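Below: the structure, in structure tokens.
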Amino acid sequence: MVITDLVERLDAAVKLRDTGAITAGVKRELETVIHAGALTLPDRFRRTRPDGYARRLLYRSDALGYSAVVMTWAPGQRTPLHDHAGIWCVEGVVEGRMDVTQYDLVEETSDRYRFEARGCVHAAVGSAGCLIPPFEYHILANAIDRPSITLHIYGGEMTSCHVFEPSDDGRYVRKERTLHYDD
Ligand SMILES: [Fe+2]
């Protein structure tokens, strides 16, 4: 199995005591493995899709309750503004470069949400970022005119999340989105 080394490292990190320690540990291991060039992904993880970024399950630990998902981004592909369903996540760039824009939720009324962008991070190969709820809102976008590949470690399995669609008054409307894996 080409990801044995990664799984051993992730297993050790997710056994740490709390979310802050776990995400810091996972981030360190992801960066180490990617920098070392030790992550060899099977070919199917490299295939982009024409209708949006591809999302494929790399590994799931039933014993420790985490999952590893590879996303493959063609030029111009991006997520909408979204949350992470209350699940911690660490995201690392395996190939290419990503723009990551973090958002703060600043107001929530019955059916409208107001966000403020917290600046954009240009994430290069080997850099990883942590998302710890309630700070779990962001947009990811492929930053280059070639495909990019990212690896996402979730503290669970994210089967749905919310996306936030801009409305005319500058606020956002929340919609539930079911997530699936591509083949
Ligand atoms: Fe995300």
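Considering each of T32, T72, T40 in turn, give the residue that is over 30 Å from F164 (Cβ atoms), surrounded by 13 or more Cβ atoms within 10 Å (Cβ to Cβ) and among the polar types (S, T, N, Q).
Result of the check over T32, T72, T40: T32.
Quick one: in segment 91-110, which of the residues that are more than 16 Å from the ligand (Cβ to nearest atom) and within 18 Å of the chain's Cα centre (by Cα) is surrounded by the most Cβ atoms within 10 Å (Cβ to Cβ)?
G96
Take the residues of segment 156-172 that are closer than 20 Å to S61 by Cα and open to solvent by less than 40 Å² (accessible area, probe 1.4 Å): which is nearest to the ligand (Cβ to nearest atom)?
Going residue by residue through segment 156-172, those that are closer than 20 Å to S61 by Cα are 156-160.
From the residues that got through so far, the ones that are open to solvent by less than 40 Å² (accessible area, probe 1.4 Å) too are 156, 158, 160.
Working: G156: 13, M158: 9, S160: 13 Å.
Selected residue: M158.
Is it the case that segment 65-85 has a residue that's closer than 13 Å to L151 by Cβ, in contact with a strand residue (DSSP E or B) (Cβ under 7 Å, 6 or more places away or on another chain) and among the polar types (S, T, N, Q)? Working first, answer last.
At the first step, the residues of segment 65-85 found to be closer than 13 Å to L151 by Cβ are 66-73.
Okay, now just the ones that are also in contact with a strand residue (DSSP E or B) (Cβ under 7 Å, 6 or more places away or on another chain), so 66-73.
Still in the list and also among the polar types (S, T, N, Q): 67, 72.
For segment 65-85, residues closer than 13 Å to L151 by Cβ, in contact with a strand residue (DSSP E or B) (Cβ under 7 Å, 6 or more places away or on another chain) and among the polar types (S, T, N, Q): present.
Taking the stated definitions as given, is Y53 within 13 Å of I149 (Cβ to Cβ) and aromatic (F, W, Y)?
yes
If a residue must be within 16 Å of the ligand (Cβ to nearest atom) and either under 12 Å from the mean Cα position of the chain (by Cα) or of a type in the set (G, A, S) (or both), how many such residues does segment 57-72 contain?
So the answer is 6.
Mind listing whichever residues of segment 167-183 are out of contact with any Leu (no Cβ under 8 Å at 6 or more places or on another chain) and assigned to a strand (DSSP E or B)?
Filtering segment 167-183 for residues out of contact with any Leu (no Cβ under 8 Å at 6 or more places or on another chain) gives 167-171, 173-180, 182-183.
Correct list: V173, R174, K175, E176, R177, T178.
Using beta carbons and a limit of 8 Å, which pairs, at least six apart or on different chains, have the first residue in segment 51-70 and among the aromatic types (F, W, Y) and the second one open to solvent by 50 Å² or more (accessible area, probe 1.4 Å) and not in a loop (DSSP other than H, G, I, E, B)?
Y53/R78; Y66/R60
Given the structure, is R47 open to solvent by 40 Å² or more (accessible area, probe 1.4 Å), touching a Ser or Thr at 6+ places or on another chain (Cβ under 7 Å) and free of Cβ contacts under 8 Å to residues at least 60 places away in the same chain? Talk me through it step by step, then tell me what you get.
Details: open to solvent by 40 Å² or more (accessible area, probe 1.4 Å): yes; touching a Ser or Thr at 6+ places or on another chain (Cβ under 7 Å): yes; free of Cβ contacts under 8 Å to residues at least 60 places away in the same chain: yes.
Judged against the criteria, R47 is a match.
Taking the residues in segment 111-155 that are among the β-branched types (V, I, T) and closer than 25 Å to G170 by Cα as candidates, determine which candidate is most open to solvent (accessible area, probe 1.4 Å).
Filtering segment 111-155 for residues that are among the β-branched types (V, I, T) and closer than 25 Å to G170 by Cα, the one most open to solvent (accessible area, probe 1.4 Å) comes out as V121.
The values are calculated or read from the model by the stated rules, or taken from the named source; none is laboratory data. Note that the coordinates shown come from a computational prediction; the quantities given were computed from them, not determined experimentally. With ideal geometry, Cβ positions are generated from the backbone for all residues, glycine too; neighbour counts draw on all protein chains shown. Just so you know, the surface numbers come from the protein's heavy atoms only, side chains and all, with ligands and any DNA or RNA stripped out. Shrake-Rupley method; radii C 1.70, N 1.55, O 1.52, S 1.80 Å.
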